[in-house]
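K.L.:
Take this structure first; my questions come after.
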Amino acid sequence: MNRWDVIVVGGGAVGSAALRAASESGARALCLELHSPAHSRGSSHGHSRIFRHSYFELPDYVPLLRHSTGRFESLERESKTSLLNRCGMLAMGPPDSEIVLGCIESARRWSLPVDALDAASLRGRFPWFSVSDDAIGAFEADAGIVRPEATVDASIRVARSLGAELRIGWRVLGLLEDTGGVTVQTDHGNARADAVIVAAGGWTSQLLPELAPLLTVTRQVQAWFAPVPGVDASAMPCWIFDRGQDRRSVYGLAPDPAAPSDAGGTPTPSRHPKLGLHGSGDIVNPDTGAAPVDDSDIERIRSAYREIAPSLAGDLAGCATCLYTMSPDGQFLVGTRRGSRRIHFAAGLSGHGFKLSPALGDALAQLATTGRTGLPIGFLAPGRFAQA
Ligand SMILES: Cc1cc2nc3c(=O)[nH]c(=O)nc-3n(C[C@H](O)[C@H](O)[C@H](O)COP(=O)(O)OP(=O)(O)OC[C@H]3O[C@@H](n4cnc5c(N)ncnc54)[C@H](O)[C@@H]3O)c2cc1C
């Protein structure tokens with residue numbers, strides 16, 4: 001039976017970051033991945049994710065966000081790969097927008113450079129958007145796009161250069177902990193580790209059933225549109241538009257001129273802006289997969305886009321489904337399995353976890369190798385829910 005210091009289950013955003021961190025600490029680390037890293041049935045594909053620091057969701061994330069951005073930068077250097085595009089991030093909404101006011105409050109609390117904007121300055125600086133006369137905004141220049149597939153690939157390359165191993169097409173079936181370690185049961189036989197990190201995204205409930213009542217996996221659609229002919233979108237930032245209570249907020253990713261080509265050499269649609277509606281979606285079994293994108297999905301996104309940025313809502317250039325794994329309060333579940341010393345997890349990343357994956361990977365690797373972490377993840381412990 002193979003013996004490892006750390007086995008990481010899942011080679012997506014969090015698993016690849018944890019593998020990198022564990023390898024850097026000198027641990028003998030193995031990653032087991034059911035499909036392939038950042039594959040298109042999980043949560044870490046689609047060429048672009050927003051990273052930002054003025055966090056309306058909860059200001060407690062800010063130290064983890066700062067840590068993560070530093071780790072993306074060091075990963076760029078170590079892997080000699082461009083992962084970040086600092087095109088900025090704009091939040092817009094009505095005068096009582098929790099998103100915009102939350103960004104401003106988070107910036108104030110952590111002394112982050114963010115411009116607070118009124119409707120006139122929004123129109124002057126960001127002419128693509130149609131905002132009402134009482135709209136407010138918050139712009140963070142030190143924000144933008146992180147490239148997910150390239151990031152996962154870079155983390156795994158760095159980890160492998162330090163001796164880590166990756167097994168693709170291996171499904172972990174169960175985890176049996178005893179006083180001496182953890183037996184990891186897989187469809188290719190068993191392996192043994194001192195500690196296990198579960199970074200299984202939408203599949204987490206299969207391995208940690210006690211978290212199942214707290215996790216809901218939903219189908220999301222991302223779509224790329226070319227601007228209408230003659231409109232230049234090249235200087236636009238990433239953005240989120242708060243349409244007020246009871247309406248899903250709309251987010252957009254800036255066009256990414258350095259977006260890589262796919263394996264066949266075809267340029268990805270990310271040379272155009274990407275759109276999505278944040279919030280609810282159909283519940284999905286990740287093994288069955290999300291239903292393909294259909295006309296009604298595209299029409300829903302296109303009509304929101306027409307309302308917010310009509311000059312950008314041209315021809316559809318591409319679309320894909322993706323999974324959110326939601327927790328009840330939209331915040332992550334991170335920690336050590338109840339009653340265990342050796343099994344650690346990050347789950348329920350609730351549609352905003354990519355930008356924080358380096359901090360989560362570092363925290364999990366520290367827990368796995370030393371039993372403690374200096375990163376402030378206590379507010380993400382599942383114990384905040386009565387069910388846990
Ligand atoms: C449309 C969309 C837009 C988003 N936008 C943003 C954004 O702008 N900014 C941001 O920060 N975040 C964003 N997110 C969220 C972010 O992408 C996710 O939170 C993050 O990628 C989740 O990473 P993960 O490692 O938890 O899951 P995944 O990347 O899905 O990785 C889990 C991996 O575990 C593997 N696995 C599962 N079970 C097993 C098993 N039993 N054995 C072996 N392997 C297993 C899976 O195959 C998978 O590869 C977005 C998500 C979506 C869907």
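Please treat every number below as a calculation from the coordinates, not as lab data. Predicted model only: the values in this text are computed from it and were never measured. Using ideal geometry, Cβ is built from the backbone for each residue, glycine included, and neighbour counts are taken over all protein chains shown.
K.L.:
Order of THR325, THR81 from fewest to most other C-beta atoms within 10 Å?
P.N.:
Details: THR325 28, THR81 16.
So the residues, fewest neighbours to most, are THR81, THR325.
K.L.:
Where the centre of each part is set by its Cα atoms, how far does the stretch 191-255 sit from the stretch 332-368, in angstrom?
P.N.:
Value for the Cα centre distance between the two parts: 17 Å.
K.L.:
Classify the stretch 216-326 from the C-alpha gyration tensor, please: rounded if a/c falls under 1.5, else prolate or oblate depending on whether a/b exceeds b/c.
P.N.:
Working: a/c = 1.92, a/b = 1.21, b/c = 1.59.
Taking the square roots of the gyration eigenvalues as a ≥ b ≥ c, the stretch 216-326 is oblate.
K.L.:
Check VAL217: other-chain or 5+ apart residues with amide H under 5 Å from its amide H, H built from backbone geometry?
P.N.:
Amide H neighbours of VAL217: VAL284, MET326.
K.L.:
Can you give the relative contact order of the stretch 216-326 as a percent, counting alpha carbon pairs under 8 Å and 6+ residues apart?
P.N.:
After rounding, I find 46 percent.
K.L.:
In a Gaussian network model over the chain where Cα atoms closer than 10 Å are linked, find which of PHE345, PHE126, PHE51 has the largest mean-square fluctuation.
P.N.:
Taking springs between Cα atoms under 10 Å, the residue moving most is PHE126.
K.L.:
Which parts of the stretch 1-25 would a label at ASP178 reach, counting a residue when its backbone N lies under 16 Å from a point 7 Å out along Cα-to-Cβ?
P.N.:
In the stretch 1-25, the label zone of ASP178 (backbone N under 16 Å from the point 7 Å along Cα→Cβ) covers 1-4.
K.L.:
Express in nm, to one decimal, how much length is gained between GLN206 and ALA258 on full extension, taking 0.36 nm for each residue of separation and deducting their alpha carbon distance.
P.N.:
15.0 nm
K.L.:
Let me know the volume per residue of the alpha-carbon convex hull for the chain, in Å³.
P.N.:
Each residue corresponds to 134 Å³ of Cα convex hull volume.
K.L.:
Per 0.36 nm of contour for each residue apart, how much would the distance between ALA381 and ALA120 grow if the chain were fully extended, relative to their Cα-Cα spacing?
P.N.:
89.7 nm
K.L.:
While we're here: Using the alpha carbons of the stretch 94-141, what is the convex hull volume per residue in cubic angstrom, as a whole number? Numbers along the way, then the final one.
P.N.:
Details: hull volume 3.2 nm³, N = 48.
Convex hull of Cα atoms, per residue: 66 Å³.
K.L.:
List the residues, sorted by chain then number, that are 5 or more residues from ILE136 or on another chain and whose placed amide H is less than 5 Å from its amide H.
P.N.:
GLY93
K.L.:
Something else about it: If you take every residue apart from PHE354 with its C-beta less than 12 Å away from the C-beta of PHE354, what net charge results, scoring Lys and Arg +1 and Asp and Glu -1? Working shown, then result.
P.N.:
Values: positive: ARG49, ARG52, ARG147, LYS355; negative: GLU149.
Once all neighbours under 12 Å are counted, the net charge is +3.
K.L.:
A further question follows. Hey, in the GNM for the chain with a 10 angstrom Cα cutoff, which one of THR186, THR369, THR288 fluctuates hardest?
P.N.:
Result for the chain, Cα springs under 10 Å: THR288 fluctuates most.
K.L.:
Quick one: if the Förster radius is 22 Å, what FRET efficiency do ASP133 and SER303 give, using the C-beta to C-beta distance and rounding to 0.05? Intermediate results must be reported in sequence, preceding the final value.
P.N.:
Details: r = 23 Å, r/R0 = 1.03.
Efficiency, rounded to the nearest 0.05: 0.45.
K.L.:
Kindly put MET326, MET92 in sequence by how many other C-beta atoms sit within 10 Å of each C-beta, fewest to most.
P.N.:
MET326, MET92
K.L.:
Could you tell me what percent of the DSSP beta bridges with both partners in the chain are antiparallel, to the nearest 5?
P.N.:
Percentage antiparallel, nearest 5: 70.
K.L.:
So, one more: With a/c under 1.5 counting as rounded, go ahead and sort the stretch 50-130 into rounded, prolate or oblate using the C-alpha gyration tensor (a ≥ b ≥ c being the square roots of the eigenvalues; past the cut-off, prolate if a/b is larger than b/c, else oblate).
P.N.:
The shape class here is oblate.
K.L.:
What ranking of LYS274, LYS355, LYS80 emerges when the number of other C-beta atoms within 10 Å of each C-beta is taken as an exposure proxy, fewest first?
P.N.:
Numbers: LYS274 29, LYS355 22, LYS80 8.
Neighbour counts put them in this order, fewest first: LYS80, LYS355, LYS274.
K.L.:
Relative contact order of the chain: what whole-number percent is it, with Cα pairs under 8 angstrom and at least 6 residues apart?
P.N.:
On the way: 931 pairs, mean separation 92.4, N = 388.
That works out to 24 percent.
K.L.:
Hey, another quick one. For the chain, what is the calculated [θ] at 222 nm in deg cm²/dmol (nearest 500), taking -39500 (n - 2.57) for each run of four or more DSSP H residues and dividing by its residue count?
P.N.:
My calculation for the chain gives -7500 deg cm²/dmol from helical runs alone.
K.L.:
Additional query: Which residues does a label at ASN190 reach in the stretch 162-179, if reach means a backbone N under 12 Å from a point 7 Å past the Cα toward the Cβ?
P.N.:
Residues 174-178 fall inside that zone.
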